[in-house]
Amino acid sequence: MVVKNKDIIKVHYTGKFENGEIFESSLDGEPIIFQTGVEMMIPGFDKGVIGMKVGEKKEIIVPASDGYGDYDEDKIIEVSLDEFPEGHTPEKGMDMELVDEDGNVMLALIKEIKDSSILLDVNHPLAGKPCIFEVKVLEIGCEMPENDDEQHHHHHH
């Protein structure tokens, strides 16, 4: 049995940058269960597991274009300091959450603080960076868990 498109599989994975720095790993917690081919995961990860067998380990190298997207200069936005809640002092390099019109929460990084405004970078923190995923397939053809919230942390909006 190998992983096919639309299979629901259970995997353990570790995501690293090219320099070997680990940015996330399922090994400290539960393995993840996801369905291939339905955009639950980034495209490179999704395609990378196709054809793997249970128990197989593989290193998947995902270029930024197949991962969290290229770094987009247009996603640097300027926000007036007046829009900040009182008592919040923005600091350069801090992450903050923004909510768009649809109620989606985005993480923004404070890039620069000017006199009356700040520059926010709303690129995904991994945008523009190639990622390496070490993946081990634990099971093919699982059930999706009822509690779906856990599974969507990979969704890129």
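Coordinate-derived values only; no laboratory data. Here the structure is a predicted model, which means the values were calculated and not measured. Cβ coordinates were reconstructed from backbone atoms using ideal geometry, including for glycine residues, and neighbour counts include every protein chain displayed.
Odds and ends about this structure:
- Along the chain, counting only GluC sites (Glu not before Pro) with a DSSP assignment other than H, G, I, E or B and at most 15 other Cβ atoms inside a 10 Å radius, the longest segment between sites is 102-142.
- Binning the C-alpha pair distances of region 1-107 at 10 Å intervals from 0 yields a P(r) profile of 11, 33, 28, 19, 8, 1 %, listed from the shortest bin outward.
- Check: region 73-121 dipole with +1 on Lys, Arg Cβ and -1 on Asp, Glu Cβ, in debye: 220 debye
- Here's the picture: charge each Lys and Arg Cβ at +1 and each Asp and Glu Cβ at -1 in region 73-121, and of 120, 94, 108 the one pushed furthest to the positive end of that dipole is 94.
- In terms of surrounding Cβ atoms within a 10 Å radius of their Cβ, 57, 136 rank from fewest to most as 57, 136.
- Dipole magnitude (debye, nearest 20) for the chain, charges at Cβ of Lys, Arg, Asp, Glu: 1100 debye
- Sorted fewest first by neighbouring Cβ atoms within 10 angstrom, 80, 25 come out as 80, 25.
- Cα-Cα over 29 Å, subset of 10/129; 53/75; 16/75: 53/75
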